[in-house]
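To start, the structure itself, in structure tokens.
Every number here is computed from the coordinates shown, using simple stated rules; none is lab data. The structure displayed is predicted, hence computed values, not measured ones. Neighbour counts run over all protein chains shown; Cβ positions are idealised from the backbone, glycine included.
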Amino acid sequence: MARSHRGPRFVVFLYAGLVTFAGVIGLLFSVVVTDPQPPRLLFLVSLPPTAFGFVVYGAVSVGLVLGVPLAGVVYVSRHVDAVEAPE
Amino acid sequence: MAITGQIALTVLMGLFLVGVAAWLARVENWRSYTPVGGGTTGGETAYGSDEKPAGLIRWLTTVDHKDIGLLYGAFGITAFVVGGLMVMVMRLELFDPEMTLISNTYYNSLLTSHGITMLFLFGTPIIAAFANYFVPLLIGADDMAFPRINAIAFWLLPPGALLIWAGFLPIPEVIPAQTGWTMYTPLSAGVGSGNQANAGVDLMLLGLHLTGVSATMGAINFVTTIFTERGENVSWANLDIFSWTILTQSGLIIFAFPLLGSAIVMLLLDRNFGTAFFINGGSPILWQHLFWFFGHPEVYILVLPPMGLVSLILPRFSGRRLFGFKFVVYSTLAIGVLSFGVWAHHMFATGIDPRLRSSFMAVSLAIAIPSAVKTFNWITTMWNGRLRLTTPMLFCIGFVQNFIIGGVTGVFLASIPVDLILHDTYYVVGHFHYIVMGAITFAGMAGLYYWFPVFAGRMYQRRLGKIHFWLWLVGSNVTFLAMILLGYGGMPRRYATYLPQFATLHQVASLGALVMFVGGLIWVYNFVVSWLEGPRVEDADPWNLKDNGLRTNEWAWFERKRETALADGGEVDEADTE
Ligand code: HEM
Ligand SMILES: [Cu+2]
């Protein structure tokens, strides 16, 4: 039987993987698309249309899109999850 | 002359059918299958497995939900292999920009068939396999509410598959359809100078119609079963999550598939009898509305039960109950309802009324919320759990990962300005493959590995299971990420040839597909060898679910079955390997 892993470690690992993935897409996007427009982080901050700009754009956007719910997960786990849901 | 020939043939076929019926009536005593007592005695089937006939006859005549589940499974896996081989040929062709291995038209045929095979002959049936085998066990029912309708529903599938694949068989003058799985008119109506007026397209449409009838019959059966056949201690409040998703999915099928059937009949009429629904002055866009009114619910028909599988299996290996069970059920129902309100997001680029477009955009964004709720609950379940990374668990986690990527890329497509740029590019192909392969098929694998001990009575080789998972996780992400990037670069979908600048990404995608192919070979090898000579399951609780109080009804059934089998002289062998 497989040994067991602590949940939080594992989930954070998954989160980091997905954020990295978004960064990689940003990086490759700058390679694949010729002459892209400069991205605007959160529709606000203008970033340079370079590999760096797209990596930051991808990673930060997805980091937030998934990070805010993840913070919710942490909160809910601490305060709500004590009461077991019926199944 | 020709007429008499045909009459003779018809009479001959009639006699043949009567002969078959007579033969079946002789070899089979149908009455023996009637469940006595109307199924209120609980837990007992009226016919023991020793009453089943042996060999092939058993499988041709069975009305036992477990046998039918296995038939669905065998059928679905066969279709998966066929569809997989088709796509491997396509990916080989796409290894270089020119037309090399196969002709462009043959590529189109494979493309069409791959999509239809995977969605209608693998996706829906493999879900029906799990549902048939396990829903009655999970809800404590004797069998399905209508066992014979259950058998009929399955037996419509093989002829359906033959019709769908007919174009590839050596039949003179019949060529495979090249319409794409969406069968857009006017191409699919056979107009113009193309070759899609060929009978192969008609046969495919008829085959699709059969699979739709099959799915509808199955769905009615599941709804009735879950409503009326639940055991005494199974109430709505403690109905398991997988049965909930099957119930919702069946509802969707009942509303969506008959519509597809009607649209197909209209198309057949247009093709063969000169009606004017979609051509001859009718509207080709009408087809798209009808098709996607079915088509978008279809994607949820395919994804809801896999979500149910993950919701069932993931907590078992997190050592705790599913977090927020109620909300998972509510979001299942919400998705079921909303899924009928988003179809036109597939038609943003067709020039429909912009006001309509934006309302569909709004609903499409809204439907992401219940999906996000589920993901939230899976993650929270893991967060407070202790994870055991068995093969089924790995596939569940792979599901969550790929579903997030597929979902996020989908939300972008739902935004009209983005869609107008990415529509009909490889981005769309990448998006939905993250879901259909990366998520749905992964969940199917999780189910197959999780319940392997139940239906095979033996254990698979764990190492090979893990290798399979990692090859698929890497392969699917390499392939579908390359597709997303191809889409950004402007590569249109559905082409056998392409501009040289796309070569590298296409080669990467083909390489990823090859990695998945190797994973698939290992999976088939593992399942076949383990089924035949894997170590017998010695314990009715192979996943140690009892420790955490997480055992569900089907494992309790498994334990009873093993005990009774031992008590009456150890027929485990027979019952388990067949
Ligand atoms: C949940 C499982 C999902 C599945 C199985 C799925 C499947 C598919 C499929 C098969 C297509 C391509 C259809 C074609 O051949 O043209 C597609 C396209 C699309 N999907 Fe999804 N999808 C899913 C989730 C989502 C989500 C959550 C969204 C957005 C909220 C979404 C938005 C779209 C859009 C807008 C398109 C059309 C893109 C275009 O053709 O331009 N999908 N999806
Ligand atoms: Cu859709």
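At-a-glance table
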read-out	value
Mean Cα-pair separation over length for region B:63-204, i.e. relative contact order, pairs under 8 Å, 6 or more apart, %	30
For B:155, B:23, order by how many other beta-carbon atoms lie within 10 Å, fewest first	B:23, B:155
Positive-end residue of B:520, B:467, A:46, charge dipole of the protein assembly as shown with Cβ unit charges	A:46
Tensor-based shape of the protein assembly as shown (alpha-carbon gyration tensor, a/c under 1.5 rounded, otherwise prolate or oblate)	oblate
Contour excess over end-to-end distance, with Cα ends at residue A:78 and residue A:13 and 0.36 nm allotted per residue	21.5 nm
Charge-dipole axis of chain B as Lys and Arg at +1 and Asp and Glu at -1 on Cβ define it, positive-most pick from B:387, B:325, B:489	B:489
Ranked packing of B:200-209, B:537-546, B:502-511, most packed first, by mean Cβ within 10 Å	B:200-209, B:502-511, B:537-546
Scaled radius of gyration (Cα, divided by 2.2 N^0.38 Å) that region B:71-171 gives	1.35
Amide H partners (placed H, <5 Å) of residue B:425, local residues excluded	B:493
Kyte-Doolittle mean at least 0.5, axial Cα span of 24 Å or more - DSSP H helices of chain B	B:2-27, B:65-93, B:199-228, B:241-273, B:284-316, B:354-383, B:391-414, B:462-489, B:503-533
Full-stretch length increase - residue B:280, residue B:6 - with 0.36 nm per residue and alpha-carbon distance subtracted	95.5 nm
Computed helical MRE - 222 nm, the protein assembly as shown, DSSP H runs ≥ 4 contributing -39500 (n - 2.57), nearest 500	-22500 deg cm²/dmol
Label point distance in nm, residue B:228-residue B:60, each placed 7 Å from Cα along Cα→Cβ	3.1
Residue B:458 long-range amide H proximity, modeled H, under 5 Å	B:537
Sequence-separation-based contact order of chain B, relative, with Cα cut under 8 Å and 6+ spacing, percent	14
Volume per residue of the C-alpha convex hull in chain B, rounded to whole Å³	160
Cβ-based charge dipole, chain B, positive-most Cα from B:80, B:220, B:421	B:421
Cα-Cα pairs of region B:312-394 separated by more than 19 Å (percent)	52
Residue order, fewest to most surrounding Cβ atoms within 10 angstrom, among B:93, B:229, B:173, B:563	B:173, B:563, B:229, B:93
Which of B:388, B:148, B:316 has the fewest Cβ neighbours within 10 Å, and the rest in rising order	B:148, B:388, B:316
Residue-span extension gain [residue B:195 to residue B:518] - 0.36 nm each, minus C-alpha spacing	112.7 nm
Global form of region A:10-77, assessed from the alpha-carbon gyration tensor, a/c cut-off 1.5	oblate
Contact order relative to length of region A:10-77, as percent, for alpha carbon pairs under 8 angstrom and 6 or more apart	35
Given B:52/B:326; B:52/B:546; B:66/B:546; B:374/B:466, the pairs whose alpha carbons are separated by over 29 Å	B:52/B:326; B:52/B:546
